[in-house]
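First the structure, in the form of structure tokens, and then the observations on it.
The values are calculated or read from the model by the stated rules, or taken from the named source; none is laboratory data. None of these values were measured; they are calculated from a predicted model. Virtual Cβ from ideal backbone geometry, glycine too; neighbours counted across all protein chains shown. Remember, those area values only see protein heavy atoms, side chains included, never the ligands or the DNA or RNA. Shrake-Rupley method; radii C 1.70, N 1.55, O 1.52, S 1.80 Å.
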Amino acid sequence: MQGLQEQVRLLRDIRVALQNDDYPAAIESLEQIVVLAKEREDLGAAARHLGNLALTYYRSGQPEKALTTFNDALTCARADNDRLTENGLLGNMGNILREMGQHEQAIHYLNEALLISQEVGDKRGRGIWLSNLGLVYDDLQQAHHAYEMHEQAAAIARQLYDQPNLALRLGHMGNSLVAMGQFQQALPHFEEAAELYDQLGRRQEMALRLGIIGNLYAHIGRLASTTEEAIPSFKQALDYYERTLIIAREMKDPVSEAELLRGIGRVLADAGQQQHAISYLQHSMTLFEQLSQPQKAAQVKAMLARIRK
């Protein structure tokens, strides 16, 4: 009875410490609850608590200690034949190894997690590991492999009606296509992501995707052979920039506003509308100066000088 009361107290202390981002206190309580689990020879519980301890070590800036603790957790999970916990541990290890830049090891652990998630029917976990494996390939500049992983991860999010993760993974798909130079093909993924974020009421995320779409159309226009061919893309870019600008002003985000004004001015200049371009660029330069960003203000000033010549 006393042991159970101690366990309940420690779990409460861990929850409160994590809510307050008090990692030292959370680590101390997690270490104690691991000892209790091992004393009871409850290896499944020990594995889960060690996994939480490992994540807390990582969040507190101790990645090496986190990996060592994950290995201890894996030993317990495997001894208990707890495949679901093993799946989560392997996937989290892969994520941390990726963030540490140890890509080959990350690929190994994420693939191990994918095999187990398939075995135990953990579709949600499988989607997460596929998405993170795609990010590893993005880091390695293997955009084709990355896109394949993100595409599979997005398909799982659709099956689960998981709109937030679908929106995120569509953006990853778009980024991989951009890395392959497939700008036109990337557009529908960012457009769908923007629509989903709009439905979810996440205006900032929506604005980010709209801005990316504007950038893509501007880039496509600049790749055109003639100004006449470029105009439809430039018009689309301006439409998306204007939509994003409205949201930036609603959210009182002057940094994004300054960037968007610069983007609009540049597109107008490329489209041969110099006078309109000057107006937007002057406003952008003033905002950058007010925001104490002299380097960006100087870049806009140089752009203005080139247009006036």
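Odds and ends about this structure:
- Beta carbons closer than 6 Å, at least 6 apart along the sequence or on distinct chains, pair a first residue in the range 193-211 that is under 18 Å from N175 (Cβ atoms) and open to solvent by 20 Å² or more (accessible area, probe 1.4 Å) with a second that is of a type outside the set (G, A, S) and part of a helix (DSSP H, G or I) for E205/Y197; R209/F190.
- Answer from S292, S256 - the residue that is part of a loop (DSSP other than H, G, I, E, B), small (G, A, S) and either buried (at least 21 other Cβ atoms within 10 Å of the Cβ) or free of Cβ contacts under 8 Å to residues at least 60 places away in the same chain (or both): S292
- Residues of the range 164-187 that are part of a helix (DSSP H, G or I), surrounded by fewer than 21 Cβ atoms within 10 Å (Cβ to Cβ) and touching a Phe, Trp or Tyr at 6+ places or on another chain (Cβ under 8 Å): L187 alone.
- Scanning the range 265-272 finds one or more residues that are touching a residue at least 12 places away in the same chain (Cβ under 8 Å) and exposed (fewer than 15 other Cβ atoms within 10 Å of the Cβ).
- Pairs with Cβ under 9 Å, 6+ apart, first in the range 295-309 and in a helix (DSSP H, G or I), second surrounded by 10 or more Cβ atoms within 10 Å (Cβ to Cβ) and among the charged types (D, E, K, R): K296/E259; K296/R262; A297/E289; Q299/R262; V300/R262; M303/R262; M303/R266
- Selected residue (criterion: nearest to the chain's Cα centre (by Cα)) from residues of the range 105-116 that are open to solvent by less than 60 Å² (accessible area, probe 1.4 Å) and within 22 Å of L160 (Cα to Cα): L110
For every residue, the table says whether it meets (1) at pLDDT 95 or above; (2) open to solvent by 60 Å² or more (accessible area, probe 1.4 Å).
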position	(1), (2)
D82	no, no
G94	yes, no
H103	yes, no
Q118	no, yes
L135	yes, no
A146	yes, no
H150	yes, no
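- Residue match in the range 250-266 (condition: within 20 Å of L187 (Cα to Cα) and out of contact with any Ser or Thr (no Cβ under 8 Å at 6 or more places or on another chain)): yes
- Checking L115 against (1) under 19 Å from Y58 (Cα atoms); (2) free of Cβ contacts under 8 Å to residues at least 12 places away in the same chain, the condition it does not meet: (1)
- Scanning the range 59-75 for residues that are out of contact with any His (no Cβ under 9 Å at 6 or more places or on another chain) and under 20 Å from L11 (Cβ atoms) yields a total of 4.
- Residue match in the range 228-235 (condition: under 23 Å from A297 (Cβ atoms) and assigned to a helix (DSSP H, G or I)): no
- Members of the range 19-46 that are surrounded by 13 or more Cβ atoms within 10 Å (Cβ to Cβ), farther than 12 Å from Y57 by Cα and modelled with pLDDT under 85: A37
- Selected residue (only one of Y197, Y161 is within 22 Å of S131 (Cβ to Cβ) and either assigned to a loop (DSSP other than H, G, I, E, B) or modelled with pLDDT under 95 (or both)): Y161
- Hey, P63 of a type outside the set (A, V, I, L, M, F, W, C) and within 24 Å of L97 (Cβ to Cβ) or not: yes
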